[in-house]
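Everything on this sheet refers to the single structure shown next.
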2 protein chains.
Amino acid sequence: MTADASRRDVLIASTAMPMLGLSSLALSAQATAQVSVQPPVPASGPKKKLGMLLFDGFELLDVFGPLEMFGMLKDRVEILMIADKAGPVRSGAGPQAIADYGFAEAPKLDIVMIPGGIGTRREVGNAAFLESIRAIADATPQVATICTGSGLLAKTGLIDGVRATSNKMAWKWATAQGAKVAWVPQARWVEDGKYISSSGISAGTDMALGLIAKLYGKDMAHWVAHRTEYRWNEDAADDPFAAMNGLTGK
Amino acid sequence: MTADASRRDVLIASTAMPMLGLSSLALSAQATAQVSVQPPVPASGPKKKLGMLLFDGFELLDVFGPLEMFGMLKDRVEILMIADKAGPVRSGAGPQAIADYGFAEAPKLDIVMIPGGIGTRREVGNAAFLESIRAIADATPQVATICTGSGLLAKTGLIDGVRATSNKMAWKWATAQGAKVAWVPQARWVEDGKYISSSGISAGTDMALGLIAKLYGKDMAHWVAHRTEYRWNEDAADDPFAAMNGLTGK
């Protein structure tokens with residue numbers, strides 16, 4: 001099959017199959033055909049500083065899915081790992097990552113990301129950590145959460161009245177952290193002002209591409225998806241996991 | 001929409017849309033409906049030791065996509081990070097992970113995984129590292145590669161005559177590392193005996209679920225996909241990125 005034939009299939013698929021959000025997958029495939037190894041948009045201005053928060057028991061893919069996507073933009077994004085203090089931080093699955101900065105030494109950020117993971121269950125009871133999250137999120141113009149990271153952010157009170165989503169299997173726990181948050185049960189990710197929140201684990205990778213589209217345009221998001229051979233679930237409203245967990249029709 | 005209605009849509013999709021491998025996505029969604037927080041297969045016997053190799057310039061998602069999936073099986077899999085020596089190892093994107101073991105101290109493994117990344121371009125010229133990879137892959141009953149990790153493994157000579165795939169944008173470089181490998185240009189992943197190799201970056205996550213299906217059954221793979229809210233590209237032969245990079249019809 002040639003690349004052209006493939007694109008025709010993709011167009012047929014896009015027309016025939018809107019109900020599962022497969023059209024977004026198809027459009028993504030279409031748009032990324034014949035992509036160059038160079039980004040479609042030239043870099044300009046200073047690099048953005050993207051800070052990813054770490055804590056003991058973070059979820060691996062919550063952290064490294066979004067960082068894979070933003071890591072393709074090394075000419076315009078610098079990634080900083082931030083925790084209570086600089087040094088090793090153990091994930092829920094076992095492998096350790098290294099925090100480059102403690103909260104106190106972290107530079108001013110352009111984007112901050114708050115992952116989820118089993119450690120969130122402990123950290124919602126850690127007033128000092130919550131205050132660090134509140135302060136850094138308050139000071140940063142773009143705040144993203146992945147999975148139960150929205151539970152941590154909700155607990156700070158910063159997103160009272162803000163539309164947000166979270167992990168669908170941990171929905172009850174996450175939403176209980178912020179009764180005044182405008183929780184959205186069916187969404188792959190939700191953007192509201194400077195806050196962008198994603199559903200469980202893998203959804204963070206789709207959200208990251210959504211954020212790249214917002215910051216640099218859709219062509220850039222498609223280019224990153226192509227380079228990473230990622231089939232982007234591009235429609236933020238398309239969330240089959242809500243129904244699977246009985247969270248629709250409410 | 002109820003969960004039942006969602007599943008009906010999924011079945012319609014599965015029937016109507018085989019050409020893009022969307023049927024696999026749909027079947028995955030169908031099979032994971034109403035999944036419990038407990039694994040569908042009880043753990044038995046000793047834990048398997050899964051070793052992930054690290055080197056300077058590894059690709060983040062090559063490593064942490066598969067480890068996210070296997071990390072859901074903590075009751076039966078122990079993850080070990082292995083590099084030239086224990087300590088911090090920097091990814092191509094910047095963030096550092098920690099190697100728990102140097103090659104010399106690593107225990108006997110049940111599964112070894114070799115990621116790709118920009119560092120592979122240097123490591124194919126590192127005879128000591130290649131010998132470490134050859135020795136650990138030769139001694140381990142299940143060997144997986146992600147992305148250009150298959151180029152590293154090819155360079156050792158171990159997969160001469162073995163069917164394997166690699167990253168589609170780096171195809172020329174990867175395949176040049178092993179002229180006698182039976183390279184498969186169009187595949188999300190390829191299994192041949194004890195070797196399983198995946199296409200670029202994100203494909204490693206799909207392959208990991210394929211390996212979980214092989215080791216523990218398909219219900220387990222669907223359960224992990226559900227827990228991680230991951231839309232598994234379940235069909236190993238479905239690879240739109242081959243056509244996008246002009247690698248089909250050869």
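Based on this model, can you work out whether B:Gly217 counts as in contact with a helix residue (DSSP H, G or I) (Cβ under 8 Å, 6 or more places away or on another chain), over 13 Å from B:Met72 (Cβ atoms) and of a type outside the set (Val, Ile, Thr)?
Here the answer is no, as B:Gly217 does not meet what is asked.
Go through region A:73-91 and count every residue that is outside any strand (DSSP E or B), within 18 Å of the chain's Cα centre (by Cα) and not charged (D, E, K, R).
So the answer is 1.
I'd like the full set of residues that are part of a strand (DSSP E or B), open to solvent by less than 40 Å² (accessible area, probe 1.4 Å) and either in contact (Cβ under 8 Å) with a residue 60 or more places away in the chain or farther than 23 Å from B:Glu229 by Cβ (or both), limited to region A:92-127.
Once the filter is applied, which keeps residues that are part of a strand (DSSP E or B), open to solvent by less than 40 Å² (accessible area, probe 1.4 Å) and either in contact (Cβ under 8 Å) with a residue 60 or more places away in the chain or farther than 23 Å from B:Glu229 by Cβ (or both), region A:92-127 yields A:Gln96, A:Ile98, A:Ala99, A:Gly102, A:Ile111, A:Val112, A:Met113, A:Ile114.
Scanning for something among the hydrophobic types (A, V, I, L, M, F, W, C) and more than 19 Å from A:Ala99 (Cβ to Cβ), does region B:43-51 turn up at least one residue?
Yes, region B:43-51 has at least one match.
Of the residues B:Gly157, B:Gly117, B:Gly125, which is within 22 Å of B:Gly94 (Cβ to Cβ) and of a type outside the set (Asp, Glu)?
B:Gly117
Report, ordered by the first and then the second residue, all pairs with beta carbons closer than 8 Å, sequence separation of six or more or different chains, a first member in region A:128-142 that is without any contact (Cβ under 8 Å) to a residue 40 or more places away in the chain, and a second member that is assigned to a helix (DSSP H, G or I).
A:Leu130/A:Glu123; A:Leu130/A:Leu152; A:Leu130/A:Lys155; A:Ala135/A:Phe103; A:Ala137/A:Leu153
Can you pull out the residues in region B:139-163 that are open to solvent by less than 10 Å² (accessible area, probe 1.4 Å) and small (Gly, Ala, Ser)?
Correct list: B:Ala144, B:Gly149, B:Ser150, B:Gly151, B:Ala154.
Taking the residues in region A:42-71 that are in a loop (DSSP other than H, G, I, E, B) and either at the interface with another protein chain (Cβ under 8 Å from one of its Cβ atoms) or charged (D, E, K, R) (or both) as candidates, determine which candidate is surrounded by the most Cβ atoms within 10 Å (Cβ to Cβ).
In this case the residue turns out to be A:Glu59.
Quick one: how many residues across region A:80-91 are touching a residue at least 24 places away in the same chain (Cβ under 8 Å) and either more than 10 Å from chain B (Cβ to nearest Cβ) or open to solvent by 20 Å² or more (accessible area, probe 1.4 Å) (or both)?
Count: 4.
Against the definition (without any contact (Cβ under 8 Å) to a residue 12 or more places away in the chain and either more than 10 Å from chain A (Cβ to nearest Cβ) or in contact with a Cys (Cβ under 6 Å, 6 or more places away or on another chain) (or both)), how does B:Ala213 come out, yes or no?
So B:Ala213 fits the description; yes.
Which ones in region B:227-250 are at the interface with chain A (Cβ under 7 Å from one of its Cβ atoms) and under 21 Å from A:Gly65 (Cα atoms)?
Answer for region B:227-250, where residues must be at the interface with chain A (Cβ under 7 Å from one of its Cβ atoms) and under 21 Å from A:Gly65 (Cα atoms): B:Arg227, B:Thr228, B:Glu229, B:Tyr230, B:Arg231, B:Asn233, B:Pro240, B:Phe241.
For region B:182-196, give me each residue that is under 14 Å from B:Ile114 (Cβ atoms) and of a type outside the set (D, E, K, R).
B:Trp189, B:Tyr195, B:Ile196
The values are calculated or read from the model by the stated rules, or taken from the named source; none is laboratory data. Only a predicted model underlies this, so the values are computations on that prediction, with no experimental measurement involved. Because the Cβ atoms are built from the backbone with ideal geometry, glycine has one as well, and the counts that use them run over all protein chains shown. Side chains are part of the model used for accessible areas, which takes the heavy atoms of the whole protein and leaves out ligands, DNA and RNA. Shrake-Rupley method; radii C 1.70, N 1.55, O 1.52, S 1.80 Å.
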